[in-house]
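Please treat every number below as a calculation from the coordinates, not as lab data. Model, not experiment: these values are computed from the prediction. For neighbour counting, all protein chains shown are included, and Cβ atoms are generated from backbone atoms with ideal geometry for every residue, glycine included.
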């Protein structure tokens, strides 16, 4: 991983189609797409190539962090590529791949084009929290 890139891998205890769907269905995304457990998210999502999304991550103190972008590649259930914009970055690129790992799914999330190491580190923290939340809600939905 260089200064301009975040790469995070996770094994999610659910079938690949279900994990892929968690990145496309706004109702599911609302349950995990925020960096800390006590946050919430408001999601709008037009899940198609050229479609846009908006993620408003709501902190308990009332702060709202808005992220927007456009879908560039959608290849179910293997790959999603989208731009990522926020007050910290513009037109960075996120690639998420989904690989079968037995009954589980291995996600590899790569976020490219950070202007500085500090900005990259903030996004790495955020993505780590989001993917931790995803693992928890998928696990709860499975049991």
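Tabulated data
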read-out	value
More than 16 angstrom apart: percent of Cα pairs within the stretch 94-143	52 percent
Normalised per residue, the volume of the convex hull around the Cα set of the chain (Å³)	93 Å³
Extension gain (nm, one decimal) between residue 58 and residue 30, 0.36 nm per residue minus Cα-Cα	9.0 nm
CD proxy at 222 nm, helix term only [per DSSP H run n ≥ 4: -39500 (n - 2.57); per residue of the chain; nearest 500]	-8000 deg cm²/dmol
Packing-based exposure ordering (other Cβ within 10 Å, fewest first) of 134, 88	88, 134
Cα-based Rg and Dmax for the stretch 1-77, where Dmax is the largest Cα-Cα distance (Å)	13.8, 37
Pairwise label distance in nanometres, residue 70 with residue 118, each label 7 Å out on the Cα-Cβ vector	3.0 nm
Packing-based exposure ordering (other Cβ within 10 Å, fewest first) of 19, 119	119, 19
Most mobile of 75, 21, 61 in a GNM of the chain (Cα contacts under 10 Å)	61
Alpha carbon centroid spacing (whole Å) that separates the stretch 71-126 from the stretch 46-62	14 Å
Order of 70, 100 under a 10 Å beta carbon neighbour criterion, fewest first	100, 70
Cα gyration tensor shape of the stretch 1-46, rounded if a/c is under 1.5, else prolate or oblate by comparing a/b with b/c	oblate
